[in-house]
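Heads up, the thing below is written out as structure tokens.
Read-outs: derived from the displayed coordinates by stated rules, not from any lab. Because the structure is predicted, anything quoted here is derived from the model rather than measured. As a convention, Cβ positions derive from the backbone with ideal geometry for all residues, glycine included, and neighbour counts pool all protein chains shown.
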Amino acid sequence: MPDRLDDESLDMTLKQVIISAIDEAIRRGAPSVEAEHLLLAIASGHDAAGRTLAEFGLDHAGVDAALRGERERSLRAAGIEPVAEERLLATRQSRPRWGATVREALRRADFSAHRGRRRAERERLAVADAAVGILRADLGTVPRALAYAGVDRAALVAQLESVSSERES
């Protein structure tokens, strides 16, 4: 992942999604922006990636419910009864830092595959590529949440990859 948000390698559309991911982390009182925040931001969109996620029941509310379910299962596995969301919020003194899971997700995304395409098409596909990068993780909160929610990650990745391989009409 680029160290700076205004890095030239990030298309404007993806920058906007990343800014939304930062906002998600802040709203949730998270100390770092993680893959789950990026997935929530993508799921909020009305682009091809957001629509594809919604087809799998992963609109913003669906992703949020899956993440809540994962958190509750994890707490119970540790012998802790889940508490209300508002009690889990931390007080922030600064912007969240970049978490390892979001860095890895953006490294796994294959943004270079569309370099020969027009800028508008690259921007349209970058968000789907980021979603695929998130979904390719084998370990972590997002894969557990989607497994508990019964989401077929392989089918979702295949659908998002088909979106990324389509040419703009």
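A few points about this structure:
- For Pro143, net neighbour charge (Lys/Arg +1, Asp/Glu -1) across residues whose Cβ lies under 15 Å away: 0
- Helical mean residue ellipticity (222 nm; -39500 (n - 2.57) per DSSP H run of 4+; nearest 500) of the chain: -18500 deg cm²/dmol
- When +1 charges are put on Lys and Arg Cβ atoms and -1 charges on Asp and Glu Cβ atoms, the dipole computed for the chain relative to its Cα centre reaches about 300 debye.
- Around Gly69: net Lys/Arg minus Asp/Glu count, Cβ-Cβ under 12 Å: +2
- C-alpha center-to-center spacing [the stretch 24-46, the stretch 104-142] in angstrom: 16
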